[in-house]
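This report refers to the structure that appears directly beneath it.
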Amino acid sequence: MTQTRHIVVAGASQAGLACAAALRGSGFDGAITMVGEEVHPPYTRPPLSKGVLTGAESHDSVFLGGQEDVDLLPGTAAVGVDVVQRCVTLDNGDRLYYDGLVIATGARARRLAPDHPGEITLRTLDDAVRLREALMPAREVAIAGGGFLGMEIASAAAALGKSVTVVDLVAPLVDRLGPVLADMCLAAAAEHGVKVRVSAGGVRVGFDGDTPTRLISTDGAVLAEADVVITAAGDVPNTEWLRHPGLPLHGGVIVDSCCRVAPHVVAAGDVAAAQGRGGRPRRLPHWSNAMSQAKIAATSLIGAQAAGGDPTAPQFFWTEMFGLTLRLAGQLPPVSVPTVLQGSFADRRAVLVWPATATHLGTAAAINTPLSAPKLIRLANNTTQQLRTVR
Amino acid sequence: MGEHEEVRLLVDRGRCEGYGMCEQAAPELIQLSDDDEPVIAEELLSAEHRGPAEGAVRACPVAALRISTANRS
């Protein structure tokens, strides 16, 4: 597609930047304009709930660099798109005409108290810096949400010597890690003094003025009171600006296996919902997914070659909490019963493999074992292929 | 960008935790050893390796890679 001269990347995100880099890597030498709502240049988010929060890493270690040949418009949000005119409207009223558009506007933190400006969430670099400062003088910390983000925040707060309570509707992490790994994480959390409370009916945030001070169950019982109360209740894709008849939305913006959305429009990262197994479009808001989708989207956009990723390919994922480093590849949560390939589960230093089943891919996990992503993905793949061979 | 500029891809072995994302990002430049240590084919980067090297730097979850530019005197 030699007539593609100007590509607009909406979202100064990891996915947006990786896509810009892949465009350059594929030989695209036209103009790339990247618009980002935040005032910062693109940065990486995983350290925000880990080292940046504890202070082990400085907050400016997260910037990604490598956007010398991209026109970056920071502090500028895309507020509308017209896929017929091929034009993006910005919040300053300007219009950007494009030959190709990359939708990489990501997601934002879901709020439990959207009417309260004082609700504390962690998604952006500014959020992380503010939260780190708020944690310093605090003694008690309460977190609504026991997903990866909530548990990583709990781990960071515990490492800073805080008394931490996590509240969720279900037992934390089970839905993502399965019972075996979730139990191990919760045991480690308990050893670090973290209290976990399950409130099946619901959780809301209670405020004193603008300050969140407690978590409350639906029947009004106080589940936790704290100096710092954080909401870590998942994310919401930034799709509001995409309301246009030509753009399919379902949770996120729907992409095909080549990350295409509409003619001359692709999407990657947390904002994109891909057709997965089971047929329903699903977002996979994780780092490694953003990176692989960005590459596919870039090649699709300039028609360099039929890109086509395998939407069922095992993904890589990692988390750090309570002295555990977990690396995972393949189906999440794992299904069936794991085998210990190496090390000892009791010592929390092991490589585990969950074989594939008729309906699910295999999973591989490395616990406090520095096994590389390619090896783990191979392990997860092998269990899947073994099954395919046998069947 | 004179001919006296030397651009290198450097690994901080203290930071590296063997995630291996760099190999996925730039297989033409970086291969993992059996111990999952990144082995860089050409530390001194040619023009064609600049892009893949930047991709590898971005892909590292623990920021163990960096590109250093030095002027040779």
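Condition first: within 11 Å of chain B (Cβ to nearest Cβ), within 18 Å of the chain's Cα centre (by Cα), in contact (Cβ under 8 Å) with a residue 60 or more places away in the chain and outside any helix (DSSP H, G or I). Can you find one or more residues in segment A:21-43 that meet it?
yes
Cβ-Cβ below 8 Å, separation at least six or inter-chain, first residue in segment A:363-377 and within 9 Å of another protein chain (Cβ to nearest Cβ) and buried (at least 24 other Cβ atoms within 10 Å of the Cβ), second in a loop (DSSP other than H, G, I, E, B) and of a type in the set (G, A, S): which pairs?
As it stands, the answer is A:S372/B:G18; A:S372/B:G20; A:A373/B:G20, since those pairs meet every condition given.
Please identify the pairs in which a residue from segment A:193-215 that is touching a residue at least 12 places away in the same chain (Cβ under 8 Å) has its Cβ atom under 7 Å from the Cβ atom of a residue that is among the charged types (D, E, K, R), counting only partners at least 6 apart or on another chain.
A:V198/A:D168; A:G201/A:D219; A:V205/A:E119; A:G206/A:R214; A:P212/A:E119; A:T213/A:E225; A:R214/A:E225
Which one of these does A:G330 not meet: (1) surrounded by fewer than 21 Cβ atoms within 10 Å (Cβ to Cβ); (2) away from every other protein chain (no Cβ under 14 Å)?
(1)
Looking only at segment A:147-179, which residues are assigned to a loop (DSSP other than H, G, I, E, B) and over 23 Å from A:L352 (Cα atoms)?
A:L160, A:G161, A:K162, A:L169, A:V170
For residues that are on the phi > 0 side of the Ramachandran plot and touching a residue at least 40 places away in the same chain (Cβ under 8 Å), tally how many sit in segment A:107-165.
Qualifying residue count for the region: 1.
Laboratory data are not the source of any read-out in this text; all were calculated from the coordinates shown. Keep in mind that what you see is a predicted model, and the values were worked out from it rather than measured. Cβ sites come from the backbone with ideal geometry, for glycine too, and all protein chains shown count toward neighbours.
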